[in-house]
Amino acid sequence: MIYFAGMDTQQSPWQILATAVQYDNKWIRLTEHQVINPGGGRGIYGVVHFKNKAIGVVAMDAELNIYLVGQYRFPLEAFSWEIPEGGGPLGEDPLLSAQRELLEETGLVAARWEPIVQMHLSNSVSDESGIVYLARELEQRTAEPEETEQLFVRKLPFAQAYQMVKNHEITDSLSVAAIQKIQLMMLEGEL
């Protein structure tokens, strides 16, 4: 790697020769670019464009319990424990999406909301971005899962969820980042 002082970090070192959409549905678009890479070689670069923002919620009660949602994840062919999460339309306030996802998946509503994590989820192949909120002052209502979801909701002490991250029992990127952030906030006295 070569670093030059005063280097323009906003200008792309990639040259795009041609672009073709290979796949498109209501959630994602896959585009293949014919490129000249930063080293001068020709190649292809595939980019997955996400049509929604990834939304996550750490729902935490007064006793420092949080809620996880478990479900079978089709792409992984495996069951996954995660914070409540889903997709929010790009033009919608992500807080509204977070409130909707929390209610749909857990039946919870919250009086206090705080954004705690913003991230790009796989920036080498996609433009997907995500945001996670901490939801406090919870009230239980009725869950309203989507027809594509078979969900299991679990309430557990935050320390146990953190241990699940450490033990690789929680591997979802938004969940890992959010739980690590909550741990840091606790260590720094912010919670």
Ignoring everything except DSSP H segments at least 4 long, calculate the 222 nm mean residue ellipticity for the chain; use -39,500 (n - 2.57) per segment, divide by total residues, nearest 500.
-6000 deg cm²/dmol
Report the calculated FRET efficiency for THR19 and SER124 (r = Cβ-Cβ distance, R0 = 22 Å), to the nearest 0.05.
0.75
Cα centroid distance between the range 122-191 and the range 40-105, in Å?
9 Å
Determine the relative contact order of the chain: mean sequence separation of Cα pairs under 8 Å and six or more apart, normalised by residue count, in whole percent.
20 percent
Listing TRP113, TRP81 from the residue with the fewest other Cβ atoms within 10 Å to the one with the most, what is the order?
TRP113, TRP81
Convex hull projection area averaged over all views, the range 1-128, Cα basis, nm²:
11.9 nm²
Which one, HIS120, HIS33, VAL132, projects farthest toward the positive side of the charge dipole computed for the chain from Cβ point charges (K/R +1, D/E -1)?
HIS33
Where nothing but the Cβ of Lys and Arg (+1) and of Asp and Glu (-1) is charged, how large is the charge dipole of the chain around its Cα centre, in debye to the nearest 20?
440 debye
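Here, each number is a calculation from the coordinates, and none is a lab measurement. The shown structure was predicted, so the numbers you read here are calculated from the model rather than taken from an experiment. FYI the Cβ positions are ideal-geometry reconstructions off the backbone, even for glycines, and counts take in every protein chain you see.
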